[in-house]
Amino acid sequence: MSNIALAVHGGAGTILRSSMTADLEFEYRRGLENALSAGWAILEKGGSSLDAVEAAVTALEDFPLFNAGRGSVFTHEGKIELDAAIMDGHALRAGAVAFVKNIKNPVGLARLVMEKTQHVLLAGDGADQFAIEMKVDLEPDEYFFTEHRWLQLQDAIAGGRFQLDHSDGTVNTSAPITPSRANPKSKIQSPKSLGTVGAVACDANGYLAAATSTGGMTNKKFGRVGDTAIIGSGTYADANCAVSCTGHGEFFMLGVTAYDVAARMKYKGLSLNDAADETIKHLTEIGGEGGLIAVDSKGNVVLPFNSEGMYRGNVAPDGSYNIHIYG
C-alpha cells in the first residue's frame, strides 16, 4: 500500500503569520488534521479513494472555521447557499450540487447525484428536493450561523462589495472580471483570501478521487456559481490525477484549471509536479489567484499556489501529517 496518498485544503489567499493568533492557528491546524485523520483511516485499511475524499471533506464541512458546510459565508440576502462536487477517476463519473440549502454535508449529496441519478449537476430547489428524497441530514438555519461570517456580511454590504474568505480581502462588485495577459489584474481588485475546502486521494489500487465543497462568496448576488461544482474547473479526477482547487472561481472556470492539470499530463506527458506548476503559471497569466492540491496514481502529491498562503495538508509515506498554512 505504499502508493496510498491523501491531501486536503481549506482555502488560499493572503494568510499572514503576523495576522494570525496562536489560538486561531491551532484551530485551523486541528481542522486540517481532523480531515486527514478521517480520510487516512479509510485508506490505510484498504478502503477506496472515493470514500476517503468524502470523509475528509465531510470533516472540513463540519468544522466552523472553513467556508463550507457549517462555516459557510452568507449571501447578500443573509442566506447560506452551498456547492459541492465529487469525482471518481477510475470510473470517470462525477456528481455535483449548487445552490443547496440546509444540507449538513453537501459533498455527500454530490455523491448521491453521481450514484443515484443519470446526471452530473443538480441545482437549487430541485437539488434540495432530491436531498429530501435521499433522506440526507438537514440542519436548521441556526446550525450554519457563525458570528464572524455574519460580521463579514455586514462589512461587505456597508462597503458595497463581495468578499472572499479568511480575511478582509474584497472585490469591487462594479469591476468587470476581464483577464488580460498584458496586465492580468488591471480590471479587478485582487482578492486577499479565497475559501473552499477539498481533498484528493489515491488508494491501494491506484484509483484516484477528488472532492470539493464551498459556501461561495460573502455578499454574493445574482445566482452566482463558482468553480467548485463545475467538473473540470474546480474538481476533476481521471486515471492520471485527481485535483481540487481553491481560489477566485471565475478564473478557475476560465482556465478549466482542474482539468488543465490532467490534460498536461495526458497530452504533454508531463509529471504531476510539472503539470501542476504549468497550470498555476497559466492561472497567474490570466489573472487568477489561489491554488490546488493534486495526486497521481503513484501516490505523488503536489500542493502549489500563487497566493501568499493556503491551508493545506497531506499524509507523508511514513504516515505522519504535513500541515502548512503560510507560503
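What follows draws every value from the coordinates through simple rules; no lab data is involved. In this text the structure is predicted, and so the values were computed from the model without any measurement. Cβ atoms come from the backbone with ideal geometry, glycine included; neighbour counts cover every protein chain shown.
Annotations for the structure displayed:
- Over the chain: helical MRE at 222 nm, DSSP H runs n ≥ 4 each giving -39500 (n - 2.57), nearest 500: -9500 deg cm²/dmol
- With 28 Å as the limit, the listed pairs K45/K268; K45/K116; K45/K266 have K45/K268; K45/K266 beyond it between alpha carbons.
- Relative contact order of the chain, defined on C-alpha pairs under 8 angstrom at six or more residues apart (%): 26
- Among H282, H248, H148, the residue with the largest mean-square fluctuation in a Gaussian network model of the chain, with springs joining Cα atoms closer than 10 Å, is H148.
- Modelled label reach - N34, point 7 Å along Cα→Cβ, region 79-97 residues with backbone N closer than 13 Å: none
- Pairs over the 19 Å Cα-Cα cut-off, from the set K79/K101; K220/K281; K79/K104: K220/K281.
- Here is the list for region 102-143: trypsin sites (Lys or Arg not before Pro) lying in DSSP coil, each with at most 16 other C-beta atoms within 10 angstrom of its C-beta, are K135.
- DSSP-assigned coil residues among trypsin sites (Lys or Arg not before Pro) in region 1-71, each with at most 16 further Cβ atoms within 10 Å: K45
- Scaled radius of gyration (Cα, divided by 2.2 N^0.38 Å) that the chain gives: 0.90
- Positive minus negative residues near I4 (Lys, Arg vs Asp, Glu; Cβ under 14 Å): -3
- Potential extension, Q118-E27 segment - 0.36 nm per residue separation minus Cα distance: 28.8 nm
- Phi to ³J(HN,Hα) by Karplus 6.51 cos²θ - 1.76 cosθ + 1.60 over region 228-239, Hz, x for Gly, Pro: 3, 7, 8, 4, x, 8, x, 8, 6, 8, 8, 6
- Least to most buried among S320, S297 (fewest other Cβ within 10 Å first): S320, S297
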